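Notes follow the structure.
The values are calculated or read from the model by the stated rules, or taken from the named source; none is laboratory data. Small disclaimer: the values here were computed from a predicted structure and weren't measured. Here the Cβ is made from the backbone with ideal geometry for all residues, glycine too, and neighbour counts use every protein chain on show. For accessibility, only protein heavy atoms count, side chains too; no ligands or nucleic acids. Shrake-Rupley method; radii C 1.70, N 1.55, O 1.52, S 1.80 Å.
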Amino acid sequence: MQENWQSVADALRASRLAAGMSQEELAERASTSRSTIQNLESGQPRKRISRRMQEIAAILGWPDGHIEQLLAGSVSGPPAKNPPLANPETSTTRTDLPFAVAHELDAGDLVDTKVIELEDSGARIIIVVRAAEGATPEQMSQALEEWKRMQMQIIADEKAIGRA
């Protein structure tokens, strides 16, 4: 069976463009060079799927195994995206966040949020706690309990430095 590296290249390019990123922007988010992105989008045959290619696919929101499916010809193009939950016209999606952060903010089931005001500068730390996507009620409870323990540590740390 011949692997279809051009299919992978075309799907990478399509996903990058759908995310509104230039090759340079994707390279920056992947901590690599633009020439690496150009090379991956060239469709040149490779000996194996590199770790870098897997990282870039993850940044673009591809599920595990999608590259392998493209190579085998069992799928074509980028993975299907889930339909948006909110009306795009009223969506609060932030375009000023790195793609990886915006992606993580949308992944999984929401457990809790916390905003910590930094008194001296007026800046804020925003914490979003998400369980794994499709988490069971037990897993959600476990995530909430873990978050509560971390909150107690944050409060203790704030007291230790005289903020609370």
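Using protein chains only and a probe of 1.4 angstrom, how many square angstrom of VAL115 are accessible, to the nearest 10? VAL115 has an accessible surface of roughly 80 Å² with all protein chains in place.
Once the chain from GLN139 to VAL75 is taken as fully extended at 0.36 nm per residue, the excess over their C-alpha distance is 19.8 nm. Return the label of the correct value of Cα extents along the principal axes in Å, as calculated from the structure shown, out of (1) 62, 37, 36; (2) 49, 36, 33; (3) 43, 40, 30. Computed from these coordinates, Cα extents along the principal axes in Å corresponds to label (1). Secondary-structure-derived ellipticity at 222 nm for the chain, considering helices only, amounts to -14000 deg cm²/dmol, per-run term -39500 (n - 2.57) for DSSP H runs with n ≥ 4.
Derived scalar couplings between HN and Hα for the stretch 63-73 equal x, 4, x, 5, 4, 4, 5, 4, 4, 7, x Hz in order, rounded to whole Hz, by the Karplus curve 6.51 cos²θ - 1.76 cosθ + 1.60 (θ = phi - 60°), x for Gly and Pro.
Which of the listed residues, MET140, TRP62, LEU118, is farthest toward the dipole's positive end in the chain, when Lys, Arg count +1 and Asp, Glu count -1 at the beta-carbon? Of the candidates, TRP62 comes out farthest on the positive side.
Within the chain, the longest run free of GluC sites (Glu not before Pro) that sit in a DSSP loop with at most 10 other Cβ atoms within 10 Å is 1-88. If only the Cβ of Lys and Arg carry +1 and only the Cβ of Asp and Glu carry -1, the dipole of the stretch 1-62 around its Cα centre is close to 240 debye.
Using a Förster radius of 22 Å, what is the FRET efficiency between SER31 and ASP64 based on their Cβ-Cβ separation? Nearest 0.05, please. Present the calculation step by step, with values, prior to reporting the outcome.
On the way: r = 20 Å, r/R0 = 0.92.
For R0 = 22 Å, the calculated efficiency reads 0.60.
Taking the longest Cα principal axis of the chain as reference, the axis of helix 137-160 is set at about 60 degrees. About the centre of its Cα atoms, the stretch 100-164 shows a dipole size close to 200 debye [charges on the beta carbon of Lys, Arg (+1) and Asp, Glu (-1) only; nearest 20 debye]. Residue-wise HN-Hα couplings along the stretch 21-33, as the Karplus relation 6.51 cos²θ - 1.76 cosθ + 1.60 with θ = phi - 60° gives them from phi, are 10, 7, 4, 5, 5, 5, 4, 5, 5, 8, 6, 9, 9 Hz; Gly and Pro carry x. Remark on ARG130: its backbone amide H falls under 5 Å from those of VAL111, a criterion applied only to residues 5 or more positions apart or on other chains, H modelled at 1.01 Å from N.
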